[in-house]
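The values are calculated or read from the model by the stated rules, or taken from the named source; none is laboratory data. Here the structure is a predicted model, which means the values were calculated and not measured. No Cβ is skipped: glycine too gets one built from the backbone with ideal geometry, and neighbour counts run over all protein chains shown. Each accessible area value is taken on the protein alone, full model and side chains, heavy atoms only, with ligands, DNA and RNA left out. Shrake-Rupley method; radii C 1.70, N 1.55, O 1.52, S 1.80 Å.
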Amino acid sequence: MLAIQVLINALVLGCLYACIAIGFSLVWGVLNVINLIHGSFIVLGAYLAWGAYNSLGLSPWYALLIAAPAFFVFGYLLQRLLLNRVITAPVLVTLTLTFGLDLILNNAMIYYFKADYRKLILNPPTGSISIFDVVVPVDRLIATASALALTFLLYLLLRRSKVGRAIVAVRLDRDAAVLMGVNVKSIYAVAFGLGAALAGCAGVLMALIFPISPLTSSAYLGKAFVVCVLGGLGSVSGALAGGILLALVEGVGSVYLGPAHAVTLSFVLLIIFLVVRPQGLLGRKGFE
Amino acid sequence: MTRTNVALLVLIACVAALPLFGDAYALRLGTMACMYAIFALSWNIVGGFAGYPSFATAAFFGLGAYTTGILMNKGVPLTLSLLGSLILCLLLAAALGAVLLRLRGHYFAIASLSLVEVFRELVNNATDLTGGGMGLNIPLVSGSSVLSDATFFFYAMWGLLLLTALVVIAVSVSKLGFGLNCIRQNETASNMVGLNSTLYKAIAFGLSACFVGAAGGLYAAWVHYIDPSDVFDILYSVKPIVMALMGGLGSPLGVVCGAFVYLGLEEVVWRNYIQIHSGVLGVLIILLLLFLPHGLISLHVGKIWRGLTGRKAKHV
């Protein structure tokens, strides 16, 4: 029974991890930028949900509707005004630039929200359901369903819409996309905006489950790293596979080695994957 | 030996005169300056010469700090403990480098970043040995007055800086430095002409880690208390990169100047805007990257210098 509980927990948590990582993966895949500000975007989204609930009384589902466009515009402008200027520079420069942005955003959050841990507590509580001996909290279940829905929305967008096809085209071959009349700079900005919007929405969902503090941003960023490398870059299905694998490893590791070693285990797995299979579980070779 | 290398040694020699003028505060700044210069010079071996964007500085800084801390708690004298840190970091980094430096670009960056996380978590969980999150106290070395203590650690750090600079200069004029340059320019081609790039990269990674490790050990003995979130701070990985970008990537003189300028800026920001200092640092980083991508050396001073010496600046 313990094994089934661990498995269910991993599935529930894995979809959330996928949601954390998918925006990061999109930006890395399309723009070739390691976006270190991603973790702070997630925390900012969580604060948005917390603030909307506690001061305006808006439920987190409405906060999702606010977060998505707000973060999209924020990310779009950031890319348009700052990142597009150095987008062709080597990884060192783009990475350090996003690190600088992260320092600013994180410091701003510590300044305004303080570093205290807060928690969004739904009133009335949603409780939990148990089937046989397997217990799943309802709020976690709802967050997972929303995460899956968001992931599916992104999948549809990339598959069906014109802008989505353009994003995929830029990812596959930037030069060919330019020749086909795609405005690469604006696609970059759209992709970065989408990444930010997904991070913001992921943050709203995280607020339902985890405590909120600016100090947690690096933990989210670390999860995004691991999921991307495990699953493979840029693909929606890869992020899902990576997320579930990470949650499984953490769950099994926590049960058999103790929770303290779960993070170590996930990063060791990351390094092993990088060395042995850098294209990830579902990535194709030479596609990175 | 080229003119810039002589200039580097002269600069370092000038720093040694600091105790003649300074009080304990100036000595503390001087010690930090030497430490930052060691970081920047070390990072430059892998990041500047070989062109690999390494974020592993914090990993080896922390490892060195904890090695020295644990050894000193077991009664080993400071010098031997530092040597232990240096050798451990050299060997471990060379072994890890042989594996990790197969990765390129973003993948190497992520792997080296994760190294910091792995080391931090290992130290965090090995509570019996390291004290875990409670941190580790390190016994006092000299036990004499504040000023003589400060002077001692300043000269120790300075000596380590001098050693680092000499090794870096030796690397840059040797076959190893030439090989690393080739690897940066075109790794596939250098493999084709028979350069053992794995060996070269492993040595470079080892060298870039060992002095950082020793500096970490000195830092631990200097501040007497370390904890994982302090010495495995990811900022220690990013700062050397900012210094190198500030000073001019690849040039040892440039990165040392970058380190000193960076420390000056950091101290001013820290003293005046304590609550928002990391945000101000972020703004500085962004301005630097947008408006001065080739470092201070590319400024007018660089042009004047070139005009005076009649030589073309080495392009990196």
Can you pull out every residue in the stretch B:73-86 that is within 22 Å of B:GLU121 (Cα to Cα) and either at pLDDT 95 or above or open to solvent by 20 Å² or more (accessible area, probe 1.4 Å) (or both)?
B:ASN73, B:GLY84, B:LEU86
Mind counting the residues in the stretch B:163-182 that are closer than 17 Å to B:LEU9 by Cα and surrounded by 18 or more Cβ atoms within 10 Å (Cβ to Cβ)?
6
By residue number, the members of the stretch A:114-140 that are open to solvent by less than 60 Å² (accessible area, probe 1.4 Å) and within 14 Å of chain B (Cβ to nearest Cβ) are A:ALA115
Condition first: more than 18 Å from the chain's Cα centre (by Cα) and either under 22 Å from B:LEU235 (Cα atoms) or of a type in the set (Gly, Ala, Ser) (or both). Can you find one or more residues in the stretch B:53-69 that meet it?
yes
Determine which member of the set A:ALA143, A:ALA108 is more than 14 Å from chain B (Cβ to nearest Cβ), surrounded by 15 or more Cβ atoms within 10 Å (Cβ to Cβ) and part of a helix (DSSP H, G or I).
A:ALA143
Provide a single number: the residues in the stretch B:135-178 that are small (Gly, Ala, Ser) and assigned to a helix (DSSP H, G or I).
8
Among A:VAL275, A:VAL263, A:VAL268, A:VAL204, the single one that is within 13 Å of another protein chain (Cβ to nearest Cβ) and touching a Gly at 6+ places or on another chain (Cβ under 8 Å) is A:VAL263
Looking at B:PHE153, B:PHE108 in this structure, which one is within 14 Å of another protein chain (Cβ to nearest Cβ), buried (at least 21 other Cβ atoms within 10 Å of the Cβ) and among the aromatic types (Phe, Trp, Tyr)?
B:PHE108
Return yes when A:LEU154 is open to solvent by 40 Å² or more (accessible area, probe 1.4 Å) and under 17 Å from the mean Cα position of the chain (by Cα) and no when it is not.
no
Say we look at the stretch B:73-122 and pick out the residues that are of a type in the set (Val, Ile, Thr) and in contact with a Leu (Cβ under 9 Å, 6 or more places away or on another chain); which of these is nearest to B:CYS210 (Cα to Cα)?
B:VAL118
Could you please find all residues in the stretch B:212-254 being over 13 Å from the mean Cα position of the chain (by Cα), within 13 Å of chain A (Cβ to nearest Cβ), assigned to a helix (DSSP H, G or I) and surrounded by 24 or more Cβ atoms within 10 Å (Cβ to Cβ)?
B:PRO228, B:LEU245, B:MET246
The stretch B:80-105: number of residues that are of a type in the set (Gly, Ala, Ser), touching a residue at least 60 places away in the same chain (Cβ under 8 Å) and within 11 Å of chain A (Cβ to nearest Cβ):
1
Scanning the stretch B:183-211 for residues that are more than 17 Å from B:GLY105 (Cβ to Cβ) and not in a helix (DSSP H, G or I), which turns out most open to solvent (accessible area, probe 1.4 Å)?
B:VAL193
Hits in the stretch A:82-94 - residues which are free of Cβ contacts under 8 Å to residues at least 40 places away in the same chain and facing chain B (nearest Cβ under 10 Å):
A:LEU82, A:ARG85, A:VAL86, A:ALA89, A:PRO90, A:LEU92, A:VAL93
Out of curiosity, is A:TYR76 free of Cβ contacts under 8 Å to residues at least 12 places away in the same chain, open to solvent by 10 Å² or more (accessible area, probe 1.4 Å) and in the same structural domain as A:ALA169 (by TED's automatic domain parsing)?
no
